[in-house]
Amino acid sequence: SRRRRCARSYCSTSAAIDTTGVTNPAPQAVYQTERWNNNTYTFPNLIAGISYKVRLHFAEIFYNAAGIRVFNVFINGTQVLTNFDIFAATGAMNKATVREFTATANDSGQIVIQYVNIAGKDNAKSSGIEILPLLAAPTGLAATLNSNGRVKLSWTASINATSYNVKQATVSGGTYT
């Protein structure tokens, strides 16, 4: 049997959450908890004007039917989910799903996510949120052979990159080291 605990705008369950079908799922504990109601989350200290991947994690841990909990989600004022129903999206209770979006940090270096209730439906909810930098591959890669027989690599760094892994192989597509 599953245990469910709720207080104010927070609920949790001890039921196992099915994460099959979710690429890079969050840990079980993320899906076993929820914050519900009209909630706004502000993620500060981002780089203004830079795009990020926003991953919204959901699992319906309270209702066992579609059409009961339906809500909208906005990122930086733009609606990204309309009439979203977790149970309808997954087809089951205690089954995880993720919705991914690209969002640009505002002039204050923030991404603001709003979960908005729909009249006549139960409260909006979130199991978890990830904000990840979008890292593009570097551009302008050049390799030159110097006078001592070594190869010098140079490139134009991508925005947000803090380091690179350089690998080599003796043949194209070969085993890299």
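Points worth noting:
- Relative contact order of the chain, defined on C-alpha pairs under 8 angstrom at six or more residues apart (%): 24
- Comparing ALA88, ALA157, ALA15 in a Gaussian network model of the chain where C-alpha atoms under 10 Å apart are linked, the largest mean-square fluctuation is found at ALA157.
- Contour excess over end-to-end distance, with Cα ends at THR82 and ASN148 and 0.36 nm allotted per residue: 17.6 nm
- Residue order by solvent-accessible surface for GLU60, GLU130 is GLU130, GLU60, largest first, with ligands and nucleic acids left out and a 1.4 Å probe.
- For TRP155 and GLU100, the FRET efficiency from 1/(1 + (r/R0)^6), where r spans their Cβ atoms and R0 equals 41 Å, is about 0.90.
- Dividing the convex hull volume of the alpha carbon atoms of segment 126-177 by its residue count gives 141 Å³ per residue.
- Solvent-accessible surface (1.4 angstrom probe) belonging to TRP155, in square angstrom, nearest 10: 90
- Reduced Cα scattering model of segment 20-71, Debye log10 I(q)/I(0), q = 0.17, 0.18, 0.28 Å⁻¹: -0.79, -0.87, -1.28
- Helix-only mean residue ellipticity at 222 nm for the chain, each DSSP H run of n ≥ 4 adding -39500 (n - 2.57), per residue, nearest 500: -1000 deg cm²/dmol
- Lys pairs under 25 Å by Cα in the chain, provided they are eight or more residues apart or on distinct chains: 5
The values are calculated or read from the model by the stated rules, or taken from the named source; none is laboratory data. Every value quoted in this text rests on a predicted model; they were computed, and no experiment measured them. With ideal geometry, Cβ positions are generated from the backbone for all residues, glycine too; neighbour counts draw on all protein chains shown. These accessible areas exclude ligands, DNA and RNA; they are computed on the full protein's heavy atoms, side chains included. Shrake-Rupley method; radii C 1.70, N 1.55, O 1.52, S 1.80 Å.
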